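What follows is a single structure, written as structure tokens, with notes after it.
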Amino acid sequence: MSEPVMRRTQAGRVVGSSRAPALRVHSPIAKALSLCSVLSVLMFTSAPLQAASDDASHYSVASAKAQHSLLLDVASLGKRLVTVGDRGHILYSDDNGANWVQAKVPTKQMLTAVFFIDDSHGWAVGHDAQILASTDGGATWVKQFEDLEREAPLLDVWFKDRNNGYAVGAYGALLETTDGGANWEDVSDRMDNEDAYHLNALVEVKDSGLFAVGEQGAMFRSADWGQTWETLEGPYAGSLFGALGTDEAGTLLVYGLRGHLFRSADFGTTWQAISLNTANNGPLEFGLADGNRLVDGSIVVVGHGGTVLKSTDNGRTFNVTNRADRLSLAGVAAMENGNLILVGQGGVHAAAPTGADLGQQ
């Protein structure tokens with residue numbers, strides 16, 4: 001299927017609203033199932049950026065089953081866990097995932113990613129290029145921005161501090177704020193992305209800058225924290241769904257389709273392929289969707305088919321676990337007791353540090 005043509009927006013237009021607005025989210029089979037195929041069939045167009053509406057009639061529906069619905073990302077902030085996903089669902093837990101409270105969210109769209117800069121201030125992004133913000137640790141949310149006519153999702157969000165942040169998404173979207181999200185500016189033209197490859201992930205690399213990855217192995221790095229970007233020739237021509245910085249300066253991992261995982265120790269100049277073998281000694285074939293660096297320094301990467309990878313040497317080697325339920329996983333965070341919270345198909349899953357269900361190691 002050929003890619004639809006995207007009409008580019010005029011770069012540099014600043015938008016915003018001083019009003020306290022509503023909320024939002026992504027599509028039924030997103031990152032957790034096959035982000036690549038979802039994006040390839042969505043017909044995205046682009047239009048001038050619009051300020052978020054303050055129509056309060058489109059809040060996500062409260063549901064006792066929300067924690068079992070499709071969830072696409074999870075963040076750990078102090079004692080609290082926050083997860084986002086389908087139908088505008090945002091849930092939080094203050095007891096290591098034993099109980100979840102559904103936040104009131106001004107959207108019914110799918111949310112694809114969540115990021116907190118501290119225990120209070122966080123942002124979530126999703127379909128219709130919506131950006132939501134919270135100042136109370138995810139208990140309440142407001143809609144800062146949306147672009148309904150664009151009809152394309154934002155797929156990741158990152159903040160340097162409470163004021164300066166970026167969101168990336170389909171067709172090379174790169175949005176910037178310097179005032180905590182009161183205004184967002186389309187700065188997509190800072191990247192040399194002529195083919196408008198979807199940008200799936202944006203991460204900080206220690207002592208180096210920002211790194212973005214996307215479809216067809218697209219890679220971009222910025223040594224000045226997003227002001228200018230360099231296009232890199234990557235090690236893989238297939239889609240990359242995620243990236244993760246390690247505790248070592250200049251070192252990061254990127255991962256995507258069919259278990260492909262690569263490590264760089266020089267901010268993406270050179271790459272080493274990481275071999276991943278399953279319990280039966282065959283190569284890992286499942287796509288990898290998301291990863292996280294845990295408090296103890298270990299790294300966990302999750303993906304389709306219940307795949308959980310864990311490294312204790314900054315991503316040089318990984319142990320591979322495939323959970324018995326084989327449900328696709330889209331996000332991972334650690335509880336205070338060292339166990340994991342996994343999210344994806346089937347909602348929230350509490351797991352041992354290896355990724356196996358608690359009590360089934």
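Please treat every number below as a calculation from the coordinates, not as lab data. Model, not experiment: these values are computed from the prediction. Every residue, glycine as well, gets a Cβ built from its backbone with ideal geometry; the counts of neighbours run over all protein chains shown.
Taking other Cβ within 10 Å of each residue's Cβ, how do His121, His89, His349, His68 sort, fewest first?
His68, His121, His349, His89
How much net charge surrounds Asp247 when only the other residues with a Cβ under 10 Å from the Cβ of Asp247 are counted, with Lys and Arg +1 and Asp and Glu -1? Within the 10 Å Cβ shell, the charges total +1.
Pairs Lys65/Lys143; Lys79/Lys206; Lys65/Lys310; Lys79/Lys160; Lys79/Lys310; Lys65/Lys108: which exceed 27 Å Cα-Cα?
Lys65/Lys310
The residues neighbouring Leu342, those whose beta-carbon lies less than 11 Å from its own, together hold a net charge of -2 under the Lys/Arg +1, Asp/Glu -1 convention. Summing Cβ point charges (Lys, Arg +1; Asp, Glu -1) relative to the Cα centre of the stretch 20-351 gives a dipole of roughly 1160 debye. Taking other C-beta atoms within 10 Å as the exposure proxy, Lys160, Lys310 rank Lys160, Lys310 from fewest upward.
Ranking request for peptides 340-347, 223-230, 77-84: highest mean number of other beta-carbon atoms within 10 Å first, then the rest in descending order.
Working: 340-347: 23.8, 223-230: 14.5, 77-84: 21.4.
The most tightly packed comes first, giving 340-347, 77-84, 223-230.
Dividing the mean sequence gap of close Cα pairs (under 8 Å, 6+ apart) by how many residues the stretch 168-215 holds gives a relative contact order of 34 percent. Note on the stretch 20-351: Kirkwood hydrodynamic radius from all Cα pairs is 19.3 Å, rounded to one decimal.
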